[in-house]
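Okay, so here's the structure we're looking at.
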Amino acid sequence: MLELYQFEGSHYSEKVRLILDYKNLPYRKVGVIPGVGQLDLFRLSGQYQVPVLRDGDEVIPDSTAIAKYLDAKYPERPIIPNDPKEKGLCLMMEAWADESIGLNARKAMIGAFNQHPNFRKAILPVAAPDFLKHIIGAIPAEVLSFLGTGVGFGADAVKAAHNILNQNLEALCLLLEDSPYLAAEYPTLADFAVAGLSMYLKFPADNYIDLPESICGKGVPGLADNPAYRLFFDWRDRLYADYRRLKTSGKSATVSPISPTPNSISIE
């Protein structure tokens with residue numbers, strides 16, 4: 001069975017989970033907690049970041065590489081079009097989603113975390129120890145903002161990210177006004193990249209992700225609750241309803257639960 005080394009709260013991992021569900025591929029999640037245990041993943045994949053896919057002797061790091069591998073190895077329900085123009089648009093939008101939505105959504109979410117301690121704790125994996133949740137929730141917003149400035153997540157960076165994301169969401173709404181999908185007449189890698197990487201902007205309303213239920217439907221103020229972007233989030237909800245499997249409790253033939261003793265690695 002395929003094994004996905006992942007962090008449940010990672011939007012790049014969510015991109016891969018969407019693709020696996022769309023392709024109806026059975027897989028086992030190997031859950032991780034940020035901060036500890038990076039060496040094991042490095043020995044396996046040559047890198048410290050998630051997601052990493054293991055398929056027998058094949059080990060594939062990086063969400064884009066994983067998507068391309070899955071489409072080549074398991075071609076049923078393809079996600080990369082054959083038509084040259086559709087393929088070019090699909091690959092271009094996927095790269096744009098990774099670099100623009102993915103990176104700026106993280107900054108916007110961190111900005112929201114600085115102001116909302118409960119939002120901070122909610123993103124941690126269910127398996128995270130209580131003391132870690134307490135520490136994360138107790139850090140003053142001013143400290144987080146100060147620390148974030150030194151690593152590119154200060155107030156100015158968050159404001160710039162909001163501006164970029166406003167433009168991104170406006171563009172997506174325009175593209176989806178008269179089209180069911182972004183690059184073709186069926187779901188492609190572009191759709192799953194945009195949908196998965198927008199998770200930090202607004203978490204899915206239902207239990208697709210193994211995070212506390214209190215996070216469902218929550219998002220970044222000014223983006224998730226902006227009526228101008230309702231078309232996009234409604235589109236994403238339909239994509240989830242059509243293709244993403246709901247979280248299961250206990251063992252599943254399709255997706256097994258997070259490992260009870262997860263390894264710990266960094267996020268992207």
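Return the residue satisfying two criteria in turn: it lies in the range 177-216 and is of a type in the set (Asp, Glu) and at pLDDT below 90, and of such residues it is farthest from ARG244 (Cα to Cα). Steps first, please.
We begin by selecting, within the range 177-216, every residue of a type in the set (Asp, Glu); these are 177-178, 185, 191, 206, 210, 213.
Of the ones still in play, those that are also at pLDDT below 90 are 210, 213.
Values: ASP210: 13, GLU213: 17 Å.
This residue is GLU213.
Among SER198, SER179, which is the only one that is over 22 Å from ALA161 (Cα atoms) and of a type in the set (S, T, N, Q)?
Details: SER198 fails: over 22 Å from ALA161 (Cα atoms).
Being over 22 Å from ALA161 (Cα atoms) and of a type in the set (S, T, N, Q) holds for just one of SER198, SER179, which is SER179.
Any residue in the range 156-184 that's aromatic (Phe, Trp, Tyr): show its pairings with residues that are surrounded by 14 or more Cβ atoms within 10 Å (Cβ to Cβ) at Cβ separation under 8 Å, as long as the two are six or more apart or on different chains.
As it stands, the answer is TYR181/PRO187; TYR181/THR188; TYR181/ALA190; TYR181/ASP191, since those pairs meet every condition given.
Contact list please: Cβ distance under 8 Å, first residue in the range 221-235 and free of Cβ contacts under 8 Å to residues at least 40 places away in the same chain and closer than 20 Å to ILE110 by Cβ, second residue assigned to a helix (DSSP H, G or I) and among the β-branched types (Val, Ile, Thr), pairs at least six apart or on different chains.
So the pair list comes out empty.
So LYS107 clears everything in (1) modelled with pLDDT of 95 or more; (2) assigned by TED's automatic domain parsing to the domain that holds PHE192; (3) not aliphatic (A, V, I, L, M) except one condition, right? Which one?
Condition (1) is where LYS107 drops out.
Just to check your reading of the model, which residue among GLN47, GLN6 is surrounded by fewer than 16 Cβ atoms within 10 Å (Cβ to Cβ) and farther than 16 Å from VAL194 by Cα? Talk me through it step by step, then tell me what you get.
Details: GLN6 fails: surrounded by fewer than 16 Cβ atoms within 10 Å (Cβ to Cβ).
One residue alone meets the criteria, GLN47.
Which one is farthest from the chain's Cα centre (by Cα) among residues in the range 201-215 that are surrounded by 16 or more Cβ atoms within 10 Å (Cβ to Cβ) and under 24 Å from HIS162 (Cβ atoms)?
ILE215
Determine whether LEU239 is part of a loop (DSSP other than H, G, I, E, B), in contact (Cβ under 8 Å) with a residue 40 or more places away in the chain and touching a helix residue (DSSP H, G or I) at 6+ places or on another chain (Cβ under 6 Å). Don't jump to the end; show me each part of the working.
Values: part of a loop (DSSP other than H, G, I, E, B): no; in contact (Cβ under 8 Å) with a residue 40 or more places away in the chain: yes; touching a helix residue (DSSP H, G or I) at 6+ places or on another chain (Cβ under 6 Å): yes.
No; evaluated as a whole, the condition is false for this residue.
How many residues are closer than 15 Å to ARG106 by Cα, surrounded by 15 or more Cβ atoms within 10 Å (Cβ to Cβ) and at pLDDT 50 or above when one looks only at the range 132-168?
10
The values are calculated or read from the model by the stated rules, or taken from the named source; none is laboratory data. Since this is a predicted model, take the numbers as computed values, not measurements. Reconstructed Cβ throughout: ideal geometry from the backbone, glycine too, with neighbour counts over all protein chains shown.
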